[in-house]
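Shown next, in structure tokens, is the structure this report addresses.
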Amino acid sequence: MIKPELLVTPTSVENVEEVIDAGADAVMIGEERYGLRLAGEFDRTAVHEAVKLAHERGVKVYVAMNALFHNDTLPELPDYLAFLDKIGADAVVFGDPAVLMNAKQYAPKVELHWNTETTATNWYTANYWGRKGSARAVLARELNMDSVIEIKENAEVAIEVQVHGMTCMFQSKRTLVGNYMEFQGKDLGVEGRSKDRTLVLHDPERDVKYPIWEDWNGTHIMSPKDMCIIDELDELIDAEIDSFKIDGVLKDGAYIRDMTGLYRQAIDQYAAKPEEYIEEKEAWRDRALALQPDNRELDTGFFFKETVY
Amino acid sequence: MRTEVKETAAADKRVITKKPELLAPAGNLEKLKIAVHYGADAVFIGGRDFGLRSNADNFSIQEMEEAVEFADRYGAEIYVTTNIFAHNENMEGLDVYLREIEAAGVRGIIVADPMIIETCKRVAPTLEVHLSTQQSLSNWQAVQFWKDEGLDRVVLAREVGMNEMLEMKRNVDIEIETFIHGAMCISYSGRCTLSNHMTARDSNRGGCCQSCRWDYFLYEDREDANAESGNALFAEEDAPFAMSPKDLNLVQSIPKLVDAGIDSLKVEGRMKSIHYVATVVSVYRKVIDAYCADPDNFTIDPEWLKELEKCANRPTAPAFFENTPGYEEQMFRNHKQKTPFDFSGLVLDYDADTGMVTLQQRNHFRPGDTVEFFGPEIERFSMTVGTIWDDEGNEIDAARHPLQVVTFKTDQPVYVHNMMRKEL
């Protein structure tokens, strides 16, 4: 049985080490200026340290450059890509074609992973970006299990799916939290609106809370529950999905470490003794649930949902 | 490379010979005919599949043929939106559909998904391919990428400002289309799945329920937080958190857009009424024509601005044109305002000998009401309605019924497709 890669987004260099100890095969890191909705902020020094550390342990490091770039940031791309090439980063995660074009020139040794989040919805387009130079497609979180498997069956690139964590529902370039506070006459310096503030929007109709924050890339709104399919991995492993991602955004390092360990064990158990894993499905979900903060329920994302239009 | 748009026609007067295309929306055949008649150079429409407004009427292939035939008489172009992000199951039927669109004589399609771009190039190669705003195209190198992919035109992200457009034009020789008027996503287009999460309707396949425009309540989260827990970042009397943007309106910036050589200026609103389309198109038609005819002496006529407000049900703003928009460009509490005018009738016929108009009623009016007529053939004028007769010649005390055909005398000649509106 081919085991999928277990990919994790850690919060810091120390946390990189922790998730490697817990069984991660790869980590995705980066800085807010180029990457979207990261679990931690890694400047160049930290990225370099993480690469050294990870490579000693045979673990891969992917660097997020999946922001939507405007003209003003383009001049910075060659230097950052050349830096990633030089330190031996294993892949650049991109959405904007500008990154793809620059990467071919300035980071020829680094693999490309196509990740536009919401728009990676069919196998043809996954292969299209493959023909443009991408080695992997990171699928939209809004797909169900059948669609994911059909994409994998037809894909000429590696396929990555998120198996755990929060997912993004919305990104605006507008400073929506700041605008609201300003409208209310509040002092922005005192109020704060970054990720650290743990702000939520309450939706009275559904009685759920959506995490919201603002950063360099605009305003982000996240899913009200954490998706978790630790008890539904068998079909995806059988389909030979290449990479399972645990997204650690808005979580602390200990949680990410412990959840990584749990998925490591679940994957290994299914690979070694599939019937035991099937038997223990409910227990796997309970173990994941035990790690959850009280205010974050689990669901299965869109894996078993139908959407209409 | 910047498109050269100016040349000296006479020794002392500059005129602009290459006008940008005025591109209007049309949700159905009637709206399309009005858009073209009122001065649109091109119209974008949706078909039955692969487009993003599953609630609009949309066009059958036969209606597309009729649309093309009508537009041809005016020298206008038709583009069809096929800008979903397709799922695996949406690939079926695409080949046939694109061939049918091509055969109908449509000029091009507006596309977001590379799967549809490549399929179109393979099966319907004479169609132009325009990149949809759903790709959130926001830098010039990405524009270059899509040019290299063989696209004929790109529609920019709504987050792109004037200076960024200029840089794109300077660096890449490709047709650029940008929105100038209408409702907008407050998110980066294509990067919002609020609708998927809240109502299981896929926004990127036409199911958007516009949940960004609902009211929310902002809290600082703690493990014990809920609506009652007192971590609210608002007081009871404060407005709820809202993400409703004012509608886009760039009428004052048309000269800058023309000077920049932007190729197509797009009005949003396939769901809007014929009155909306007619009003917006006729104003922008006048602005573009007036500026291009004499750019050095051009000024905005305040009447144009007033005219645009007559069909608006939301306040407007320039959005990202100059800067990132602040709270002044959003709406809190009241997301809607009432349209100040009612569209009350569409001219079906006019008898020059008797001065009588035959009008299809669209909203209630009665003798004694002050109304105004407008249309491409006439200067807008106001008048008081006199005696009204129904289609059997009976005098009536009011035109009450939608689509009822009535006649009455007008102060000045009017033409078929002219419209009558009434201030509320």
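The values are calculated or read from the model by the stated rules, or taken from the named source; none is laboratory data. Model, not experiment: these values are computed from the prediction. Note that we place each Cβ from the backbone using ideal geometry, even for glycine, and neighbour counts take in every protein chain shown. Heads up: the accessible areas ignore ligands, DNA and RNA and are worked out on the full protein's heavy atoms, side chains in. Shrake-Rupley method; radii C 1.70, N 1.55, O 1.52, S 1.80 Å.
Worth pointing out:
- Cα lying deepest toward the dipole's positive end in the protein assembly as shown, options B:Leu265, A:Leu74, B:Leu137, charges on Cβ: B:Leu265
- Of all complete DSSP H helices in chain B, those with a Cα span along the helix axis of 18 Å or greater and a mean Kyte-Doolittle hydropathy of 0.5 or more are B:274-293.
- From most to least packed by mean Cβ count within 10 Å, the peptides B:22-35, A:96-109 give B:22-35, A:96-109.
- Leading residue at positive end of dipole, the protein assembly as shown (Cβ point charges), from B:Ala183, A:Ser243, A:Leu53: B:Ala183
- Alpha-carbon Rg/Rh ratio, for the protein assembly as shown, with Rh computed the Kirkwood way: 1.01
- Over segment B:64-184 - Rg/Rh using Cα atoms and the Kirkwood inverse-distance radius: 0.98
- The overall shape of segment A:72-114 is oblate: from the C-alpha gyration tensor, with semi-axes ordered a ≥ b ≥ c, the ratio a/c is 1.5 or greater and a/b is no larger than b/c.
- In chain B, helical runs assigned H by DSSP with n ≥ 4 each contribute -39500 (n - 2.57); averaged across all residues and rounded to the nearest 500, the mean residue ellipticity at 222 nm is -7000 deg cm²/dmol.
- Peptide B:241-247 - average C-beta neighbours from other chains (10 Å radius): 4
- Computed [θ] at 222 nm, deg cm²/dmol, chain A (DSSP H ≥ 4; -39,500 (n - 2.57); rounded to nearest 500): -11000 deg cm²/dmol
- P(r) tail, segment B:253-393: Cα-Cα pairs separated by more than 19 Å, 63% of all pairs.
- Length-normalised contact order for segment A:171-221 - Cα pairs under 8 Å, 6+ apart - percent: 42 percent
- Coordinate range of the alpha-carbon atoms in segment B:341-423 per principal axis, descending: 30, 29, 20 Å.
- With both residues required to sit in segment A:83-182, DSSP beta bridges show an antiparallel share near 0%.
- Links that overshoot a 22 Å alpha carbon limit, given the list A:Lys251/A:Lys305; A:Lys173/A:Lys195; B:Lys266/B:Lys310; B:Lys31/B:Lys422; B:Lys246/B:Lys306; A:Lys132/A:Lys152: A:Lys251/A:Lys305
- Each distinct pair of alpha carbons in chain A adds a 1/r term; the inverse of their mean, the Kirkwood radius, is 19.9 Å.
- Residue-averaged beta-carbon neighbours from other chains (10 angstrom radius) around B:317-324: 1
- Using a Förster distance of 35 Å, the FRET efficiency for B:Lys13-B:Ile300 (Cβ separation, nearest 0.05): 0.95
- Mean separation of Cα contacts under 8 Å (6+ apart) over length of chain A, as relative contact order %: 21 percent
- Look at the alpha carbon pairs under 8 Å that are at least 6 residues apart: their mean separation over the length of chain B gives a relative contact order of 15 percent.
- Percent accessible area from carbon and sulfur atoms, segment B:320-416, protein chains only, probe 1.4 Å: 44 percent
- Take the accessible area of chain A alone and of chain B alone, subtract that of the pair, and you get about 6800 Å² summed over both chains, using a 1.4 Å probe.
- Counts of other chain beta carbons within 10 angstrom of each beta carbon in peptide B:184-191 average 6.
- Approximate spin-label separation B:Arg333-A:Met1, in nm, with each point projected 7 Å along Cα-to-Cβ: 6.1 nm
- Loop-located trypsin sites (Lys or Arg not before Pro) in segment A:46-80, at most 14 other Cβ atoms within 10 Å (DSSP): A:Arg57
- Heavy-atom accessible area, 1.4 Å probe, ligands and nucleic acids excluded: residues of segment A:203-230 down by at least 40 Å² from chain alone: A:Arg206, A:Lys209
- Sulfur and carbon atoms: percent of accessible area, segment A:171-221 [1.4 Å]: 49 percent
- Segment B:230-338 - charge dipole about Cα centre, Lys and Arg +1 at Cβ, Asp and Glu -1, debye rounded to 20: 560 debye
- Within the accessible area of segment A:77-169 (1.4 Å probe), percent carbon and sulfur: 46 percent
- Summarising the label geometry, the points placed 7 Å from Cα in the beta-carbon direction at A:Asp72 and B:Asp390 lie 6.4 nm from one another.
- Two-decimal Rg to Rh for segment A:62-187 - Kirkwood Rh, Cα set: 1.06
- Accessible area expressed per residue, the protein assembly as shown, with surrounding protein chains retained (probe 1.4 Å, Å²): 38 Å²
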